[in-house]
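The values are calculated or read from the model by the stated rules, or taken from the named source; none is laboratory data. All of these numbers come straight from a predicted model, not from anything done at the bench. Ideal geometry is used to build each Cβ from the backbone, glycine not excepted, and the neighbour counts take in all protein chains shown. SASA here: full protein model, heavy atoms, side chains in, ligands and nucleic acids out. Shrake-Rupley method; radii C 1.70, N 1.55, O 1.52, S 1.80 Å.
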Amino acid sequence: MVSLYQAHKKIYPRSVSGLFSRWRWILVFATQIIFYGLPWLEWGQRQAVLFDLGARRFYIFNLVLYPQDFIYLTGILVISAYSLFLFTAVAGRLWCGYACPQTVYTEIFLWLEEKAEGSRAMRMRRDAGPWTLEKFGRKALKQFMWITLALWTGFTFVGYFTPIHLLATEFMTWNLGSWEIFWTFFYAFATWGNAGFMREQVCKYMCPYARFQSAMFDKDTLIVTYDKERGEPRGARSKKADPAKLNLGACGDCSLCVHVCPTGIDIRNGLQYECIG
Ligand code: SF4
Ligand code: SF4
């Protein structure tokens, strides 16, 4: 059968370390401590942050918002949108690289994958090889960690709408409402699917933000890019060789920059909408 779509090639991003990767992890920790921790925080006699849809009240620490206060929500959304445009114009895709849930959860899921299945080279080798008991064990361990985290994420999400202590008791006695069951498992499924399997495809094919980001860039925007003047003409050479004598630029064509890219693009081809760095 003739397929109208490009065949999906699985991407095995190589792990990286360095200043910006450390910053990404700091942001991952900060956002996740807030997300997982906030619903457990008590404020007086109630949960500090609770969006009680049934009672039509949003509790945010001392603030209690009613339906007529939705103008504030509109204000927050407008400010957030303009901030996103401003930060993108000044410093590129900061949101994509450091704070977007798709990036944050993919980063955590990739870390778990590496713990269970090893480095990029080991994962590629194992995936290309036959099924063995070891391969099955490692994949099962990875799925166990992914599913546990995804379920915890779904539970936490619902904990923003149903008091989380009550939700925990309901879970333990399996006395949940149908909406609570639906949203916990739906959110868990979406987390597992998006961060475990779809990954860069969400950015490439689903996210509208990726499509118009270049409209916010100008010549002064800070972006991660390849210096053509310095790198070209690219070509392999021995470490001791003088590139100038070989008529080569600084790029040794080692493909490391392609291996570390979470969306699998080649940064040397210039600015691309898939670049979430
Ligand atoms: S392209 Fe979209 S989904 Fe991907 S990291 Fe950026 S905002 Fe998130
Ligand atoms: S990482 Fe390797 S392939 Fe990429 S620009 Fe640097 S030298 Fe060239």
Q | Among the residues listed as CYS261, CYS203, CYS251, the single one being part of a loop (DSSP other than H, G, I, E, B), within 16 Å of ligand 1 (Cβ to nearest atom) and open to solvent by less than 40 Å² (accessible area, probe 1.4 Å) | A | CYS261
(Q) Going by what's in this entry, would ARG93 be described as over 20 Å from ILE164 (Cβ atoms) and either open to solvent by less than 40 Å² (accessible area, probe 1.4 Å) or among the aliphatic types (A, V, I, L, M) (or both)? (A) yes
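Matching residues to (1) without any contact (Cβ under 8 Å) to a residue 24 or more places away in the chain; (2) not in a helix (DSSP H, G or I):
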{"residue": "LEU50", "(1), (2)": "no, yes"}
{"residue": "ALA55", "(1), (2)": "yes, yes"}
{"residue": "TYR59", "(1), (2)": "yes, yes"}
{"residue": "VAL64", "(1), (2)": "yes, yes"}
{"residue": "GLN68", "(1), (2)": "yes, no"}
{"residue": "ILE76", "(1), (2)": "yes, no"}
{"residue": "PHE85", "(1), (2)": "no, no"}
{"residue": "CYS96", "(1), (2)": "no, no"}
{"residue": "GLN102", "(1), (2)": "no, no"}
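Listed here are the residues, each with its yes/no results for (1) of a type in the set (Phe, Trp, Tyr); (2) out of contact with any Lys or Arg (no Cβ under 7 Å at 6 or more places or on another chain); (3) in the same structural domain as LEU256 (by TED's automatic domain parsing).
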position	(1), (2), (3)
VAL2	no, yes, no
ALA7	no, yes, no
ARG14	no, no, no
THR31	no, yes, no
PHE35	yes, yes, no
GLU42	no, yes, no
TYR59	yes, no, no
TYR66	yes, no, no
(Q) Can you go through PHE155, PHE144, PHE109, PHE136 and tell me which one is open to solvent by 50 Å² or more (accessible area, probe 1.4 Å), under 22 Å from PHE185 (Cβ atoms) and assigned by TED's automatic domain parsing to the domain that holds GLY193? (A) PHE144
Q | Subset of the range 233-243 [modelled with pLDDT under 90 and open to solvent by 80 Å² or more (accessible area, probe 1.4 Å)] | A | LYS239, LYS240
Q) When the range 184-237 is examined, which residues are found to be in contact (Cβ under 8 Å) with a residue 60 or more places away in the chain and within 16 Å of ligand 2 (Cβ to nearest atom)? A) ILE223, VAL224
